[in-house]
Each structure stands twice: as C-alpha cells, then as structure tokens.
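Contents: one structure, followed by commentary.
The values are calculated or read from the model by the stated rules, or taken from the named source; none is laboratory data. This structure is a prediction, so every number in the text was calculated from the model and none was measured. Glycine also receives a Cβ, built like all others from the backbone with ideal geometry; neighbour counts cover every protein chain displayed.
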C-alpha cells in the first residue's frame, strides 16, 4: 500500500472515531453538560451526516476488499484508482439514506448507520441495473402481464382501423 493511501485511511478513521464519540456525547447529553457539548447537540445533524458518510464509505471499501479477497488477492493488490469510482458516486448513494433519516421520527441512530453501510456496500447494484432497456420488461408476478400487452396492441390496431365519423351509422 502506498504511503498516501495509509495517510488517507488514517484521516478517515480519525473522522469516523471523532464523529462516533461526538454522537455518543450528543445522545447522552443533558442540561448539565458542558457548553461545547450543548453546541454539538444543537448541531447534531451536521455531526451525524459526517458520521453516516463515514459508514457509507466504509461499506464501499468493504465491498472493494470483499471482491479483492474473493479473487484470491491480498491488501498488497489494492489500487487507489479502483477506489475513486465509489467515492465519485457516493453522493448519489448517500442521498436516499440522508432523506430517509430526515423524514424519520426514529431516534435509533444505529439503524441509519447500518443502512448507510449497506448502501455503500451495494453501491454497484445501482449502476449495474442502470442500463438501456432492450426489450419490453415482463414482470412475472403481475396478473396477465403478457396478455395485457397483446390486448393493448390489439385494441390500438382495432381503434386505428375503425371507421370514422358518419360511417358508423351506415
């Protein structure tokens, strides 16, 4: 591993641990807490967003290492260039988790940390599914899916060949 990668990993873990400690302080704060903890409580959203993004990035790195080890390679095979793509798409992956947290009334922070990790781990699923549709999609669990399409096509053909206007009465 390169020295720059080790330095970035160190900074990442410092941010993860710091925001984690801040979240513990925020959750356990009361009226007698220090003024700086009260400031953290007032701005808990900012701290938690940073903490969630750390969990998501951890999920992305875990996915990369999972694939690496499944190919029979070790940590010496890490390529920094391969880690750049997940980091570039991280805002797209993070946005649903962030909106879910904003719209939730739940005070369970661990739930959103797990969701952020899962979103990061499965980031590739979003992009492997996003491809042009080559043929009409068939949903196997819908009722009469194949016959519904043929009925719609037959109705459209019949409507275009039907007589217009005054020819109907003759």
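Computed quantities for the displayed model
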quantity: Residue pairs meeting the criteria (Cβ under 8 Å; at least 6 apart or on separate chains; first over 19 Å from residue 121 (Cβ atoms), in the stretch 71-85; second in a loop (DSSP other than H, G, I, E, B)); calculated: 76/1; 80/2
quantity: Residue match in the stretch 51-60 (condition: surrounded by 12 or more Cβ atoms within 10 Å (Cβ to Cβ), within 14 Å of the chain's Cα centre (by Cα) and more than 24 Å from residue 4 (Cβ to Cβ)); calculated: yes
quantity: Number of positions in the stretch 8-38 that are within 20 Å of residue 110 (Cα to Cα) and part of a loop (DSSP other than H, G, I, E, B); calculated: 2
quantity: Listing of helices (runs of 4 or more DSSP H) fully contained in the stretch 69-170 that carry 1 or more residues being loosely packed, with under 11 Cβ neighbours inside 10 Å and at pLDDT 85 or above; calculated: 80-103, 109-121
